[in-house]
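Just so you know, all these numbers are worked out from the coordinates, no wet-lab data involved. Keep in mind the model is a prediction, meaning the values are calculated, not measured. In this analysis, Cβ positions are derived from the backbone assuming ideal geometry, glycine residues included, and neighbour counts consider all displayed protein chains.
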Amino acid sequence: MRSEDRAHNAQPLTDGGAAEEFVATRAARDLADDAAVADIAVQKKVARTQPATTFAPYAIATYPMDSSAPQFAASDGAATSSDGAASSDGGADDAAAAAKLRAVQRGLAAAQLSGCRAAPRLMKELRAVSLAGQFEVDLVDDRLTVWEARLFEWNFDEDSRLHGDLAALADRAPDDDAAALVSVVLRVHFPDDFPFAPPLVYVASPPLTSEYIFDGALCMEMLVDWQPQYGNVDSMLVQIAAFLACSARVAEIAGTSGGGNGAPREFSEASARKAYERLQKFHEQKGWGRVDQRR
């Protein structure tokens, strides 16, 4: 009971009008409390069915072809300075955006110093993915050649089992966590000569179960039998999302060990790379017809 209600209850309600007013006030407060609880549930649903605004401002405006520091701009129009600090007072979102942009600057500088030939192309692809706004992408350890891409519930077909599994995981979050989001996390390692050589793409988390996932590697023709024209990263992520929606489930929800025909464990770059080598050898012999990939 609210403190003001307790104080009110201590006073005798001799006036009938005052009693009715008190009852009406209590009823209104109860309705407001119920509405607040319902609003949290609605916020959780909205957060899970549309792109999160926390990473929407991270569009990269330009990318340099030389060693100069890149200039960035937030997609909402807020300008940022050359050191990545937001010029407008946008609170936590601006701080997060500035931190991300500084990470991109450090990644580009390190790639240029190491002589990475793919640096201009990767900046172009990072800019395109950011502007498209379908996926959240971060650099791993400030490395321009290693990305972490997050595929959320809305990236998968609503009728797919994977979409339902991610929704079920989000529903397990505490009721007061309105922004609870669950994603499929992909690690993408780009070679120095991308797009002429293939990226290494594997599922990092959560463990998925599928007959087409092996040690995190995806048995997709475009990833196993790579061609340079596949180098549009945003389109590649769209195709991966469609592939997973048709073939994968979250192991925890499906009640299986996960891991794609193996023991449950976290997948690494080394295990995924070996899995792709096995897939390449297999499909060189068998082609891409309807065969059992587990042989």
*Summing +1 for each Lys or Arg and -1 for each Asp or Glu, what net charge is found among the other residues whose Cβ lies under 13 Å from the Cβ of residue 192?*
+2
*asked:* What does the C-alpha gyration tensor say about the overall shape of region 88-156? Classify as rounded when a/c is under 1.5, otherwise prolate if a/b is larger than b/c, or oblate.
replied: oblate
_Total formal charge among the other residues, if their Cβ is under 11 angstrom from that of residue 109, Lys/Arg +1 and Asp/Glu -1_ = +1
*Compute the signed sum of charges (Lys and Arg +1, Asp and Glu -1) over the other residues within less than 13 Å, Cβ to Cβ, of residue 136.*
-2
*Could you give the dipole magnitude of region 118-224 about its Cα centre, charging the beta-carbon of Lys and Arg +1 and that of Asp and Glu -1, in debye to the nearest 20?*
460
*In nm, what is the difference between 0.36 nm times the number of residues separating residue 281 and residue 192 and their Cα-Cα distance?*
29.7 nm
*Under 1.5 on a/c is rounded, so check that first for region 121-231, then, if it is not, pick prolate when a/b is larger than b/c and oblate when it is not; a ≥ b ≥ c are the square roots of the alpha carbon gyration tensor eigenvalues.*
prolate
